[in-house]
Every structure is written in structure tokens, then in C-alpha cells.
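Structure in C-alpha cells, see below.
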Amino acid sequence: MQVKLIRYTPEPDKTVAMSARLCYSAIGAAQLEEKMSDEAAAKLVHKLVSMGHFSPIEHVSFTFAIEGVSRVLTHQLVRHRIASYSQQSQRYVAEHNFENIMPPSIASRPEAKAKFEKLMVDIQNLYNEFTEMGIANEDARYVLPNAAETKIVCTFNARSLMNFFQLRCCTRAQWEIRELANRMLAECKKVAPILFENAGSTCVSSRTCREGAMSCGRLAVLLEQDKGRV
């Protein structure tokens, strides 16, 4: 899996702070930006996140280039509707030598791994046979598996990203999209450390858990750690 943050709003923490300050200021955004120090911006962003005042956070966006993931993952990813996506097309891009993503649970079992690999070869051969018969890529692709590797570019605003991280960084999330979410979060923290300081699953970001009886138990551990810091 490759995850790269290829574009983002410049000075995201300061952009969020300036946008929030404008709501209560008689002067314009450009003047506010000139007057606002990095320290003041950081303090305000901390306050906004802690208060749950998220509308100013929508003013910054982050664009990721993602490769080496399965169609299983992207079927889940595009359920996050407040985002923009551009995915490699199986209609226009031939899959005569498609890569595949093998789940660790299969890779760790030799017999299962061998059967998986054989199936991928059989699917590849059938796809190639169909296209050689003159069947168009757009129809031959119907035999391709969810395991087929794909590439996608996606753009989120920061508020939508925080919601994505709450859901997909959770240990209850499917393993592949959880790995993607954690890598995306790491990229965001490099360029917007204040904004994403406490981002992550709900137990990390808000010290709550929505999983009920299926909770992994991490929340209790975090709450104990919080007590120790008091």
C-alpha cells in the first residue's frame, strides 16, 4: 500500500483559525491572517476542536494518491460521501497482468494461499482469453475479483477526514481500510499537527466508544492512562 498526501491547503491550522475568527471580527480575513501569530492560531484550533465547533475546519482540504489497494477497500472508501474520488478505470485500463491484494488471514495459511494464488491465475487467464476473443475490456472485467489492485485519488475536507478517522482507525474497521486510515492520519499530522493532534478512532478523539459489547477494550485503557496524568 502506498499513501501520499499530494496536495493540501497551505498553512491549514492557520487557515482554520482565521476562518473561525472572522465570524466575530469587524475586519476581513486577509487582515486577520496578517495579525494572527502561529501561537494564537494553535490556541484557537485547540479550542475549536475541544468545543466541537467544526464548521471552520471545512475550509481546509487534503488530497491523497493511494495505490496498492484492493477494490474491497475502495468499495468501502467511497461510502464516505463528503469527498471527491478519481479511480483507475477497469473499462479503459486493460487488466492483462493485474496485481492482487491478499488478506493476511489467507497469506498466513499455506493451503489457503495456494488456492488463492491459483484462483487469481485462473481469473487472469480467463480475462485474457475473453479479450483475445474480442470481448471489450468493459465486459471482460466482470470476471475480475474484489482482490484486484486499484489506484485512487481522493480529496477530503478536514471535518470529513476526522469523521473518516473516527470510523476507520477503529480496531473494529476492516484491516485494509484501517491501515489506509492510519497512514492518511500520519500524513495529515505532518502538515497540520495541531488540527489532527487528537484525531483517530472515537476512543482517541473523544474518549467514547460506539461499539457496545463489541468494543475492543481500548477505551478503558485510555481512560486509566488519563487518570494517571491528572
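The values are calculated or read from the model by the stated rules, or taken from the named source; none is laboratory data. As the structure is a prediction and not an experimental result, all values here were calculated from the model. Note: ideal-geometry Cβ built from the backbone for every residue, glycine included; neighbour counts use all protein chains shown. SASA here: full protein model, heavy atoms, side chains in, ligands and nucleic acids out. Shrake-Rupley method; radii C 1.70, N 1.55, O 1.52, S 1.80 Å.
If I go through region 88-145 residue by residue, how many of them are among the aliphatic types (A, V, I, L, M) and under 28 Å from Gln174 (Cα atoms)?
The qualifying residues number 13.
Counting just the residues of region 162-176 that are in contact with a His (Cβ under 9 Å, 6 or more places away or on another chain) and closer than 19 Å to Glu58 by Cα, which one comes out surrounded by the fewest Cβ atoms within 10 Å (Cβ to Cβ)?
Here the residue is Asn163.
Taking the stated definitions as given, is Cys154 surrounded by 15 or more Cβ atoms within 10 Å (Cβ to Cβ) and not aliphatic (A, V, I, L, M)?
So Cys154 fits the description; yes.
Here is a further query. List the helices (runs of 4 or more DSSP H) that sit entirely inside region 112-230 and contain at least 1 residues that are modelled with pLDDT of 95 or more and over 27 Å from Pro12 (Cβ atoms).
Because the criterion is at least 1 residues that are modelled with pLDDT of 95 or more and over 27 Å from Pro12 (Cβ atoms), the helices (runs of 4 or more DSSP H) in region 112-230 that meet it are 137-140, 175-191.
Among the residues of region 177-205, which ones are in contact with a helix residue (DSSP H, G or I) (Cβ under 8 Å, 6 or more places away or on another chain) and open to solvent by 60 Å² or more (accessible area, probe 1.4 Å)?
Result: Arg178, Pro193, Glu197, Asn198.
Also, I was wondering about something else. Which of (1) touching a strand residue (DSSP E or B) at 6+ places or on another chain (Cβ under 6 Å); (2) more than 19 Å from Phe98 (Cα to Cα); (3) β-branched (Val, Ile, Thr) is the odd one out, the single condition Ile194 does not satisfy?
Result: Ile194 passes all but (1).
In addition: Just to be sure I understand the filter: pairs with C-beta atoms under 8 Å, separated by 6 or more residues or on different chains, first member in region 206-230 and under 18 Å from Leu167 (Cα atoms) and open to solvent by less than 80 Å² (accessible area, probe 1.4 Å), second member at pLDDT 80 or above and among the small types (Gly, Ala, Ser). Which pairs pass?
If the second residue must be at pLDDT 80 or above and among the small types (Gly, Ala, Ser), the pairs left are Cys209/Ser215.
Another question, if that's okay. Step by step: first the residues of region 85-111, then only those that are without any contact (Cβ under 8 Å) to a residue 40 or more places away in the chain and outside any loop (DSSP other than H, G, I, E, B), then the one that is surrounded by the most Cβ atoms within 10 Å (Cβ to Cβ). Which residue is that?
Selected residue: Ile106.
Next up: Answer yes or no: is there a residue in region 157-170 that is basic (Lys, Arg) and within 21 Å of Lys189 (Cα to Cα).
yes
Among the residues of region 117-167, how many are among the acidic types (Asp, Glu) and either in contact with a Phe, Trp or Tyr (Cβ under 9 Å, 6 or more places away or on another chain) or within 25 Å of Arg183 (Cβ to Cβ) (or both)?
Residues flagged as among the acidic types (Asp, Glu) and either in contact with a Phe, Trp or Tyr (Cβ under 9 Å, 6 or more places away or on another chain) or within 25 Å of Arg183 (Cβ to Cβ) (or both) within region 117-167 amount to 3.
Where in region 1-84 are the helices (runs of 4 or more DSSP H), entirely inside, with at least 2 residues that are at pLDDT 95 or above and at positive phi?
none
If you don't mind, another one. Specify the residue that is surrounded by the fewest Cβ atoms within 10 Å (Cβ to Cβ); the eligible residues are those in region 121-151 that are at negative phi and of a type in the set (Gly, Ala, Ser).
Looking at residues that are at negative phi and of a type in the set (Gly, Ala, Ser), I get Ala136.
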